[in-house]
1. Does Glu165 meet the test of being out of contact with any helix residue (DSSP H, G or I) (no Cβ under 9 Å at 6 or more places or on another chain), open to solvent by 50 Å² or more (accessible area, probe 1.4 Å), over 30 Å from Leu55 (Cα atoms) and at pLDDT below 80?
2. Condition (residue is open to solvent by 90 Å² or more (accessible area, probe 1.4 Å), out of contact with any Lys or Arg (no Cβ under 8 Å at 6 or more places or on another chain) and either modelled with pLDDT under 70 or not in a strand (DSSP E or B) (or both)) applied to region 25-39: is it met by at least one residue?
3. In this structure, does Phe51 turn out to be modelled with pLDDT of 85 or more, under 24 Å from Arg119 (Cβ atoms), among the aromatic types (Phe, Trp, Tyr) and more than 24 Å from the chain's Cα centre (by Cα)?
4. Could you say which residue among Glu108, Glu103 is charged (D, E, K, R), open to solvent by less than 40 Å² (accessible area, probe 1.4 Å) and at pLDDT 90 or above?
5. Among the residues of region 66-85 satisfying the criterion of being acidic (Asp, Glu) and more than 26 Å from Glu102 (Cα to Cα), which is most open to solvent (accessible area, probe 1.4 Å)?
6. Where the second residue is of a type in the set (D, E, K, R) and open to solvent by 50 Å² or more (accessible area, probe 1.4 Å) and the first is more than 9 Å from Val28 (Cβ to Cβ) and lies in region 47-58, which pairs have Cβ atoms under 6 Å and are six or more apart or on separate chains?
Amino acid sequence: PPAAAAPPLEPGPGPPERAGGGGAARWVRLNVGGTYFVTTRQTLGREPKSFLCRLCCQEDPELDSDKDETGAYLIDRDPTYFGPILNYLRHGKLIITKELAEEGVLEEAEFYNIASLVRLVKERIRDNENRTSQGPVKHVYRVLQCQEEELTQMVSTMSDGWKFEQLISIGSSYNYGNEDQAEFLCVVSRELNNSTNGIVIEPSEKAKILQERGSRM
């Protein structure tokens, strides 16, 4: 009699997937200072010279690392600053929350040898230092008195950094023909940035006109 057909085999686990393929081998668990992070080898491989790529993405890793009982790579670094490092590898943008110090992220970027991120963090630190050294922006305010027919022209011709702030009606001061002419107080302001190393820059003609009108108050 013909031999009975063998029953179909149950699918087995199969060989592990290589990096870049589907399956669990694409995913990597990192134990950074006791905090777990899960990412892919593709993400870690975006900076080929980085510590993380050399540790997790090579067939024969250049770096040796112990793994914990869950199979996660053990990295003895502060996990607080690892989030911006991993997010930069994911999408190429530097995101640092207000609670994190840029200097801490810079230290980790240098340890993980991510040169492009090191440059970005240094630029961020330099920009923050420049803003701090400039100090808070100061404003100078002037109050101008004008008649109703002058109001539109005065506001529309303001320049040299002057900005309209507030208009206050002070009622009718005199009669012109059969109509009452209202008077207003016009409050204007500008940033106080016309002084450099003690040298005061002379205001332009329009600014002088505004100042003269304000001095009549």
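1. Values: out of contact with any helix residue (DSSP H, G or I) (no Cβ under 9 Å at 6 or more places or on another chain): yes; open to solvent by 50 Å² or more (accessible area, probe 1.4 Å): yes; over 30 Å from Leu55 (Cα atoms): yes; at pLDDT below 80: no.
It is false that Glu165 is out of contact with any helix residue (DSSP H, G or I) (no Cβ under 9 Å at 6 or more places or on another chain), open to solvent by 50 Å² or more (accessible area, probe 1.4 Å), over 30 Å from Leu55 (Cα atoms) and at pLDDT below 80.
2. no
3. On the way: modelled with pLDDT of 85 or more: yes; under 24 Å from Arg119 (Cβ atoms): yes; among the aromatic types (Phe, Trp, Tyr): yes; more than 24 Å from the chain's Cα centre (by Cα): yes.
Here the answer is yes, as Phe51 does meet what is asked.
4. Numbers: Glu103 fails: open to solvent by less than 40 Å² (accessible area, probe 1.4 Å).
Only one candidate passes the filter, namely Glu108.
5. Within region 66-85, the first condition is being acidic (Asp, Glu), and the residues that meet it are 66, 68-69, 76, 78.
Add one more test, that the residue is more than 26 Å from Glu102 (Cα to Cα), and what stays is 66, 68-69.
On the way: Asp66: 112, Asp68: 24, Glu69: 165 Å².
Residue satisfying both the conditions and the ranking: Glu69.
6. Final answer for the pair search is Arg54/Glu62.
The values are calculated or read from the model by the stated rules, or taken from the named source; none is laboratory data. All of these numbers come straight from a predicted model, not from anything done at the bench. With ideal geometry, Cβ positions are generated from the backbone for all residues, glycine too; neighbour counts draw on all protein chains shown. The area values use the complete protein model at the heavy-atom level, side chains included, leaving out ligands, DNA and RNA. Shrake-Rupley method; radii C 1.70, N 1.55, O 1.52, S 1.80 Å.
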